[in-house]
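Q: Here it is: the structure, laid out below.
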Amino acid sequence: MSTATAPPSEAPVKAARSARPTRSGRATGWARRAPLLPALVFMLVVTQLPFLATVVYSLRSWNLLRPDSQAWVGLANYAAVFTDRQFLGAAANTVLVTASCVVVAMLLGIGLALLLDRRFWGRGVVRTLVITPFLVLPVATALLWKHIMFEPVFGLVNFVLSPLGVDTFDWVSQMPVFSVVVALVWQWTPFMMLLVLAGLQSQNTDALEAAQVDGASKRQIFVWITLPHLRRYIELGVLLGSVYVVNTFDTIYMMTQGGPGTASANLPFYVYQRTFLGFDIGQSAAMGVVVVVGTIIVAMLALRLIFRTFMNAQEARS
């Protein structure tokens, strides 16, 4: 006795066929991407080819004072970089300057954003004046703080502190890292303030009113409602500020020249010194590769943290 088998259902087959990209769909996709191809090619030519050339230079021993000294040395330049005390000192200065600037600028930005989020007469003018330092060129900022604010004889800082006995203190030469951090904080605080202010203005007022009705104080509302809402904006400000501040060159060049000695030199400035003052192309290229790879790793970790925060916020809303 034979049993008849039921014909296979055609629904899974049709679903699989519909899931496959058709030739017209692929053509449509490439047509949408075509306007972006010139920008992609330009980015690869401008950024990736010079980076590959830098990697090749980092594997060779090449000093411009000895043009005939080129030789393939492999990873010897990288070994010399990680045993260079001045490079490690510049790396420590980079971390110190970046962390100090970003943290202080973010705290000041949060305070200013909370003040400017209130309604008062002339708020638009005050916001414009607060944003102004971020619009000043970094070179002009460095010269302003070096020759007007921190000048030992006629500087405004010593004039303000003269009642405390500070008359002719040379801030730039005796406290170079602190001077650079102050100038960078003055420059980047408006940027942090703008991000936090945008977060404050996007906050749901219904939650704030409900908390006030329930008897919550202003401090409790800020800690438990406002601050968690601002987390995404604070993380974004810290990431962008760190990426830009870690590449600071012009402020250090104009204010301290990396001195005294290399006391205030960060990684970009130290790479500049080894390239254009020491003429050591091989080791400076290795330093540049190390700096780029380290920056990419830190930026990737920070971006993953920010994306995770945004995804959690979207899941909470849904």
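Q: Which of (1) at pLDDT 90 or above; (2) more than 22 Å from T256 (Cα to Cα) is the odd one out, the single condition T141 does not satisfy?
A: Only one criterion in (1) at pLDDT 90 or above; (2) more than 22 Å from T256 (Cα to Cα) is unmet by T141, namely (2).
Q: Right, something else. Of everything in segment 65-92 that's open to solvent by less than 80 Å² (accessible area, probe 1.4 Å) and outside any helix (DSSP H, G or I), which residue is nearest to V290 (Cα to Cα)?
A: Here the residue is D84.
Q: I would also like to ask the following. Which count do you get for residues in segment 209-231 that are among the hydrophobic types (A, V, I, L, M, F, W, C), open to solvent by less than 40 Å² (accessible area, probe 1.4 Å) and outside any loop (DSSP other than H, G, I, E, B)?
A: Number of matching residues: 3.
Q: Restricting to segment 39-87, what's the tally of residues that are of a type in the set (S, T, Y) and either farther than 20 Å from P268 by Cβ or at pLDDT below 85 (or both)? Can you show your working first?
A: To start, the set of residues in segment 39-87 that are of a type in the set (S, T, Y) comprises 47, 54, 57-58, 61, 69, 78, 83.
Adding the requirement that they be either farther than 20 Å from P268 by Cβ or at pLDDT below 85 (or both) leaves 47, 61, 69, 83.
Selection size over segment 39-87: 4.
Q: Moving on to the next point. Within segment 114-128, track down each residue that is open to solvent by 80 Å² or more (accessible area, probe 1.4 Å) and either closer than 27 Å to R219 by Cβ or at pLDDT 90 or above (or both).
A: Across segment 114-128, the qualifying residues are L115, R118, R119, F120, W121.
Q: Condition first: in contact with a helix residue (DSSP H, G or I) (Cβ under 8 Å, 6 or more places away or on another chain) and modelled with pLDDT under 90. Now tell me which residues in segment 249-263 satisfy that.
A: First pass over segment 249-263, keeping only residues in contact with a helix residue (DSSP H, G or I) (Cβ under 8 Å, 6 or more places away or on another chain): 249-256, 258-260, 262-263.
G258, G259, P260, T262, A263 - these are the residues of segment 249-263 that are in contact with a helix residue (DSSP H, G or I) (Cβ under 8 Å, 6 or more places away or on another chain) and modelled with pLDDT under 90.
Q: From the list S202, S264, pick out the single residue that is open to solvent by less than 70 Å² (accessible area, probe 1.4 Å), in contact with a Pro (Cβ under 7 Å, 6 or more places away or on another chain), assigned by TED's automatic domain parsing to the domain that holds R85 and not charged (D, E, K, R).
A: So the residue among S202, S264 that is open to solvent by less than 70 Å² (accessible area, probe 1.4 Å), in contact with a Pro (Cβ under 7 Å, 6 or more places away or on another chain), assigned by TED's automatic domain parsing to the domain that holds R85 and not charged (D, E, K, R) is S264.
Q: Hey, any hits in segment 277-295 for a residue that's among the polar types (S, T, N, Q), surrounded by fewer than 20 Cβ atoms within 10 Å (Cβ to Cβ) and free of Cβ contacts under 8 Å to residues at least 12 places away in the same chain?
A: No.
Q: Would you be able to tell me the number of residues in segment 120-155 that are assigned to a helix (DSSP H, G or I), aliphatic (A, V, I, L, M) and under 24 Å from L194 (Cβ atoms)?
A: Narrowing segment 120-155 to residues assigned to a helix (DSSP H, G or I): 123-135, 138-149.
Still in the list and also aliphatic (A, V, I, L, M): 125-126, 129-131, 135, 139-140, 142-144, 148-149.
This time we only want the ones that are under 24 Å from L194 (Cβ atoms), so: 125-126, 129-131, 135, 139-140, 142, 144, 149.
The qualifying residues number 11.
Q: Please find, among L184, L195, the residue that is assigned to a helix (DSSP H, G or I), under 26 Å from V95 (Cβ atoms) and open to solvent by 10 Å² or more (accessible area, probe 1.4 Å).
A: L195
Q: Condition test on G109, is it surrounded by 12 or more Cβ atoms within 10 Å (Cβ to Cβ), in contact with a Gly (Cβ under 8 Å, 6 or more places away or on another chain) and not hydrophobic (A, V, I, L, M, F, W, C)? Please lay out each step first, then the result.
A: On the way: surrounded by 12 or more Cβ atoms within 10 Å (Cβ to Cβ): yes; in contact with a Gly (Cβ under 8 Å, 6 or more places away or on another chain): yes; not hydrophobic (A, V, I, L, M, F, W, C): yes.
So G109 passes the test.
The values are calculated or read from the model by the stated rules, or taken from the named source; none is laboratory data. Everything numeric in this text was worked out from a predicted model, so none of it was measured. So basically every Cβ, Gly included, is an ideal-geometry build from the backbone, and we count neighbours across all protein chains shown. Remember, those area values only see protein heavy atoms, side chains included, never the ligands or the DNA or RNA. Shrake-Rupley method; radii C 1.70, N 1.55, O 1.52, S 1.80 Å.
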